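I have placed the structure first, in the form of C-alpha cells, so that the comments after it can refer back to it.
The values are calculated or read from the model by the stated rules, or taken from the named source; none is laboratory data. Please read these numbers as outputs of a predicted model, since none were measured by experiment. Note that each Cβ is placed from the backbone with ideal geometry, even for glycine, and that neighbours are counted across all protein chains shown.
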Amino acid sequence: MSRVANGYVDYRVSVAFVGTVLKFLAVAPLFPLVLALYYGENPLPFIVTSAVMVALGFGLEQLRGDGDLGNREAFLLVSLSWLVVPLVGTVPYLVAGTGTVGSLTVGGFVNALFESMSGFTTTGATVLGTISVDTHGHAMLMWRQLSQWLGGMGILVLMVAILPELSVGGAQVMNQEAPGLSIEKLTPRIQETARALWGIYAAFTVAAAVVYFLIGAVGIAPEMDLYNAVAHALTTMPTGGFSPQGRSIEAFAPAIQWAVMPFMIVAGTNFALFWYVFDGEPRRLTDNPEFRSYLLAMGVFGVTISALLLAGLGLATDPENVAVIPGNVENSLRQGLFQVISIVTTTGYASMDFNTWHPAAQTVLLFAFFLGGSAGSAAGSIKIVRWVLVSKSMSRSLFTSIHPDAVHPVRFGREAVDESTIRDVFVFVMIFLTLFAASTVLIYLDSLRTGLELTPLEAMSVAIATLGNIGPGFGVVGPMNNFLPFSPAAKLYMVFLMWIGRLEILSVLVILTPSFWRR
Amino acid sequence: MRVVIVGAGEVGSNIAESLAQTHDVVVVDRDPEMVDALTYSHDVLPIQGDGTDVDTLEEADVGDAEMVIASTDDDETNIVTCGAANVLGDAFTIARTKSPKYLKAWERGRHAFGVDFMVCTDLLTAEAIVGLAGLPTAQDVDTFVDGLVQMTEFKIPEGSPVAGQTVAEADKFDSLTFAGILRADEIIIPSGTTRLRAGDDVVAIGSPDSMRQFSSAIAPQEDGPQDIVIVGGGEIGYQTARLLEERGFTPRLIEQDEERARWLAEKLPKTTVLNSDATDQELLERENIGLADVVVAALENDQQNLLATLLAKRMGTDRAIAVVDTGDFSDLFEAVGIDVAVSPRKVTAEEITRFTRARRAENVAIIEGDQAEVLEFEIDAESLLVDRPIQESAADFPEGVVIGAITRDGERITPRGDTVVRKGDHVVVFAETAVLETVTEQL
C-alpha cells in the first residue's frame, strides 16, 4: 500500500469515502418512504433523511484529494463509517418525533442514537418504550428493520460490491468490517467476492420472507402477514433481532418459531461456505470444522436447556402467553432450541420471555452469549472459531509440556493455523473478556448512581448483550423489556460498546492509538 | 534388445551389470573416468557425453534402442533425457527421480514429460523401510498381484524357537510357502525335513497376514511394532512417516531444522514431530527412544545414520533400520549391529531391473546377491502348468523352482499337489538364477 507523503494518515481520503457511502445509502430511506405513502403515514422523515444523506455525502466528498486509500485510511474509513451512518440514521426518528426516540432533547437524541446504532450493528437492543405500529407507524418500524439488514452483511462490503474505485483498498476494508479471522477471497476480483456475498445474503433474505409469508398465508400463523414476513426476514438474516412486534417471535404461532430457527442458523454460518455449496461443492460446508463445532455447540446448549425446561427445573415463574412447558416435549424443545440459536447466532429474537426462567437455565444461556456464530457470518460476539482455536492451543500446551521438543501446530480441520493467528485470537479473546468485565463494573456503578436496581447477572448480560451485538439480556433488559431505564451516559457507553463490538474491537482500538497517527 | 542407460553412477552401473548378460547395453555418462572404468568392468558400450544433448543420444543410437533408462543423480536431467529420447525414436523410457513431486504429475498423465515409467527413489526407499519396519526380522519385502501376495526374506535370529525345527514343523500357516533358504551364500530348496538354523535367511511367499504371523513365530517376544521413531525429516523420512500414518501408525519424527520441523508437523497430522538434534542424548532419553520398537535413521549422510542407529541400539531399541547412501556400506552396517541397511540406490536399481525383466514376467523381486528371483506370471494357454495339477507339472520343471502362491480372480489359492492351475491365474514362483531362462519359457 502506498503511503502518504508526510507519513501521516490522509484522513481526507477516508472522510471523502464516508461521503460516498452516505450518498449511496440515500437510496435506503426510499423503501420506508414508499411504505409511508402506502399506509398514509408521514413521509417527511424519510425524505429529510435521504436529503441529508445526499447533501452530507456530497459535502464530505469535496475533501477528496489525490491520496490513495491505504492500509491506515481503510481502518479509519471503516470506523468512521460505522459512526457516521448510525448518526445520520437518527434523523428519521428525530424528524418523526414519535415515542421515546423522537423528543428533541439530549435524552431523546441519545435514545435515537442508541436505537440507530443498535440497528446498524445488528444488536437488536431497543429503547422504544412501546413497540407498536400505532405509535410509530409501519414505515418507521420498517426503517428500523432495514437498518439491521444494511448493517448485517456490512455497509462497506456493499460499497465494495458497488464501487469500482474500491478494487484496491477493498480487501483491506472488508477485512476490517467482516467478522472473523480474515476474509476469504472467493474470486480473483474483490468486487465479485463482495457481490457474491451480498447476493447470497439477499437471496436468503428473500427465501426467509417467502417462507414466513407462505406459513402465514396458509393460515397456520394468521398474524404473519406480508408486512411482518418482510420485516422479520430483514432482521433474521443479519442476526439482528428487531421486531415490529413488542413480544418478538412469541407473537407468532409455533410453526413460525420453528421456521425462523433454520434461517437464524444460516445467518450465523460463514457465507463463503454457501458460495461453495452453490458452486457444487456442498462438502465444503458439511466438512467445515467451524460449521460442525457451531452446530454441536448449539445442540449441546439447546438440549441442556430443553431438558431443564421439560423437567420443570428451568422455570422460576409461569410465563405469560405461552402454552404449558414442563412435560411438553415439543414446547420445551422449541423454547430451548429457539432461545439458544437466537443467542448463539447473536440474533436476539425471543419466542418466550426467558426472564421467567430459573437462574440455572439463565446461567447456561449466559455462557451461550459468549460463543457467537461463525466467522464470515452476520453474527457478533467472540465466534466459534476463536473458541476452538483457544481450546486447541491449550491442549497443545499440555502436550508440549511433556514433549518439550515437539513441534505441534494447532490444526483447524486439516489445515495448520499459523502462530501469529493464534496470538491474535488470544489477544482478541482477552481484550473482549477484559472489556466485558470492565463494562459490567461501569454499568453496575452507573446503575447505583441513578438508583436503577440491577443484579450481577443482569449487569453482566447488559455488557455482553451490547458488546456481543446480541440484544436482549436478563431482568430489566429482558427480551420483552428494553434499555430505556438506563441513564443517557450509560446508553452512550453502550453505543460505544455496540460500535466496537461490531467491528471486532481491534479495528476501532487501533485508530485510538497514537502510533496510528504518527509515522 | 538394445538398452541405452544414461548415467553410470551406482544405479546406472548396477542396472548395466544385471542387463549386460542378456541385452546390448549402451551406457552414456558425462564423466570420462566413469566411462573408462565401465569399459573394463562390464561388457557394455560406453559413450562419453551429455544425456540431454541430442547429438550424444544420436551417437548412442537411441533411435534404434528399445529402452532408454535415465538414471543420473539429477531429476531434471533424467526427465529431459527421456523427453529428448522420445523425439528421436519410440524407445520405452524410464526415468529415475528423487523427489516425488515429478511422480505426482507423471501419475496423472502416465506419459507426462515423455516418460513411460518413473521410478521415485525416495518413495521406493520409504516403501522399503515401511515394509521392513512392519515386520520384525524381515530383511526384504516385495509385493505381488496388487498386494495380494507378499514375498519376505526373514532372518532367523539366535535363540529363535523356530531354529532347529524342520520346515514341516515350522510351517503352521495355511497360506505360506517356504520357497528357499539362503545359508552361507548357498540356496537350499527346502523339503519338509530340512532343518532351519539360526542365521538362515528364509524366503517365504504367501499372504501379508501369514507373513506377520510367521514373523511373530520367529520372534515371539515382539508382538508387532507399535512405537516407531524416524530420525531425520528429509524426503525419505517424510515419506516414511506418511506411509506409516496411512497404515495406522503414529510415528515420532526427529528433525533438526526448525522450519522443516514445522513444515513436517503441518503435513503429518498423526506424527509427533520433535525439533532437535537426533544425536542429543538428553533428548533421546527424555523421549524414551530406548523403549521404541523400531528406529529408522534417514539423515543427511551415512555417518550420521550409523551414529543415530548405534545410539538407539545401545539405549535398547529392538530394531534399527538405517538408510545407507553408499550401497557398499550395507554389509558393514549390518556387521556392526544395525538390523537392516536400506540403500536407496540399490532399491532403485532393483526396481528398474525388476521392471525391465518384468516385461517377460508380470513382476519380479530379486533375492539378495542376485542368486534367485521371485517372479509373477499370468498363465496363458501355452504354459506348462495350464490345466494340470501341480504334482504332475512339477516333474517337468528343473531343480530350483518353487511355486509360492496362486491367485485366481483376485483371490488367493494355497498351492497343493492336486491344485489345478487354470488359464488367467497368477502364479508367483521362486527360481534360482541358473534356471531362470528355462522357467520363464516354460511358464
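Conditions first: (1) touching a Phe, Trp or Tyr at 6+ places or on another chain (Cβ under 9 Å); (2) more than 30 Å from A:Gly312 (Cβ to Cβ); (3) surrounded by fewer than 16 Cβ atoms within 10 Å (Cβ to Cβ); (4) not β-branched (Val, Ile, Thr). A:Ser397 passes all but one, so which condition is the exception?
Checking A:Ser397 against (1) touching a Phe, Trp or Tyr at 6+ places or on another chain (Cβ under 9 Å); (2) more than 30 Å from A:Gly312 (Cβ to Cβ); (3) surrounded by fewer than 16 Cβ atoms within 10 Å (Cβ to Cβ); (4) not β-branched (Val, Ile, Thr), the one that fails is (1).
I'd like to check which helices (runs of 4 or more DSSP H) are fully inside segment A:327-446 and have at least 1 residues that are under 30 Å from B:Glu255 (Cα atoms).
Filter on segment A:327-446 gives A:384-402.
Between residues in segment A:394-407 that are more than 8 Å from every other protein chain (Cβ to nearest Cβ) and closer than 23 Å to B:Ala278 by Cα and residues that are aromatic (Phe, Trp, Tyr) and not in a loop (DSSP other than H, G, I, E, B), which pairs lie under 8 Å by C-beta distance while being six or more apart or on different chains?
none
So in segment B:243-255, with the set limited to residues that are surrounded by 19 or more Cβ atoms within 10 Å (Cβ to Cβ), more than 9 Å from chain A (Cβ to nearest Cβ) and not aliphatic (A, V, I, L, M), which one is nearest to B:Val229 (Cα to Cα)?
This residue is B:Pro251.
Condition test on B:Glu399, is it outside the structural domain of B:Glu158 (by TED's automatic domain parsing), touching a residue at least 40 places away in the same chain (Cβ under 8 Å), over 19 Å from B:Ile94 (Cβ atoms) and assigned to a loop (DSSP other than H, G, I, E, B)?
Considered against the rule, which asks whether it is outside the structural domain of B:Glu158 (by TED's automatic domain parsing), touching a residue at least 40 places away in the same chain (Cβ under 8 Å), over 19 Å from B:Ile94 (Cβ atoms) and assigned to a loop (DSSP other than H, G, I, E, B), B:Glu399 comes out as yes.
Looking only at residues that are part of a strand (DSSP E or B) and at pLDDT 80 or above in segment B:108-139, which one is nearest to B:Leu244 (Cα to Cα)?
B:Cys120
Using the structure shown, decide if A:Leu141 is in contact with a helix residue (DSSP H, G or I) (Cβ under 7 Å, 6 or more places away or on another chain), in a helix (DSSP H, G or I) and surrounded by fewer than 24 Cβ atoms within 10 Å (Cβ to Cβ).
Criteria met by A:Leu141.
Taking B:Ile156, is it in contact with a helix residue (DSSP H, G or I) (Cβ under 9 Å, 6 or more places away or on another chain), β-branched (Val, Ile, Thr), touching a residue at least 60 places away in the same chain (Cβ under 8 Å) and outside the structural domain of B:Val428 (by TED's automatic domain parsing)?
Against the criterion (in contact with a helix residue (DSSP H, G or I) (Cβ under 9 Å, 6 or more places away or on another chain), β-branched (Val, Ile, Thr), touching a residue at least 60 places away in the same chain (Cβ under 8 Å) and outside the structural domain of B:Val428 (by TED's automatic domain parsing)), B:Ile156 qualifies.
From the list B:Val62, B:Val80, which residue is surrounded by fewer than 22 Cβ atoms within 10 Å (Cβ to Cβ), assigned by TED's automatic domain parsing to the domain that holds B:Leu19 and modelled with pLDDT of 85 or more?
B:Val80
On the given criteria, is B:Thr356 in contact (Cβ under 8 Å) with a residue 12 or more places away in the chain, surrounded by fewer than 19 Cβ atoms within 10 Å (Cβ to Cβ) and over 22 Å from B:Ala138 (Cα atoms)?
So B:Thr356 fails the test.
What number goes with the only condition from (1) in contact with a helix residue (DSSP H, G or I) (Cβ under 6 Å, 6 or more places away or on another chain); (2) buried (at least 18 other Cβ atoms within 10 Å of the Cβ); (3) in contact (Cβ under 8 Å) with a residue 60 or more places away in the chain; (4) assigned to a helix (DSSP H, G or I) that A:Gly107 does not pass?
(2)
Select from segment A:493-519 the residues that are more than 18 Å from the chain's Cα centre (by Cα) and touching a residue at least 12 places away in the same chain (Cβ under 8 Å) and list them in ascending order.
A:Leu509, A:Val510, A:Ile511, A:Phe516, A:Trp517, A:Arg518, A:Arg519 - these are the residues of segment A:493-519 that are more than 18 Å from the chain's Cα centre (by Cα) and touching a residue at least 12 places away in the same chain (Cβ under 8 Å).
Testing A:Arg64 on (1) of a type in the set (D, E, K, R); (2) in contact with a Lys or Arg (Cβ under 8 Å, 6 or more places away or on another chain); (3) not in a loop (DSSP other than H, G, I, E, B), one condition comes back false. Which one is that?
The single condition A:Arg64 does not satisfy is (3).
Among the candidates B:Val336, B:Val386, B:Val420, B:Val435, single out the residue that is assigned by TED's automatic domain parsing to the domain that holds B:Glu300, more than 22 Å from B:Val11 (Cβ to Cβ), surrounded by fewer than 21 Cβ atoms within 10 Å (Cβ to Cβ) and out of contact with any Cys (no Cβ under 6 Å at 6 or more places or on another chain).
Selected residue: B:Val336, the only one of B:Val336, B:Val386, B:Val420, B:Val435 that is assigned by TED's automatic domain parsing to the domain that holds B:Glu300, more than 22 Å from B:Val11 (Cβ to Cβ), surrounded by fewer than 21 Cβ atoms within 10 Å (Cβ to Cβ) and out of contact with any Cys (no Cβ under 6 Å at 6 or more places or on another chain).
Of the numbered conditions (1) within 13 Å of chain A (Cβ to nearest Cβ); (2) closer than 18 Å to B:Arg319 by Cα, B:Leu274 fails exactly one; give the number of that condition.
The failed condition is (2).
Of the residues that make up segment B:268-287, is at least one closer than 30 Å to A:Val410 by Cα, surrounded by fewer than 23 Cβ atoms within 10 Å (Cβ to Cβ), small (Gly, Ala, Ser) and touching a residue at least 60 places away in the same chain (Cβ under 8 Å)?
So far as segment B:268-287 goes, no, none of its residues is closer than 30 Å to A:Val410 by Cα, surrounded by fewer than 23 Cβ atoms within 10 Å (Cβ to Cβ), small (Gly, Ala, Ser) and touching a residue at least 60 places away in the same chain (Cβ under 8 Å).
Could you check B:Thr348 against (1) touching a Leu at 6+ places or on another chain (Cβ under 8 Å); (2) surrounded by 23 or more Cβ atoms within 10 Å (Cβ to Cβ); (3) β-branched (Val, Ile, Thr); (4) outside any helix (DSSP H, G or I) and say which number it fails?
Exception for B:Thr348: condition (4).
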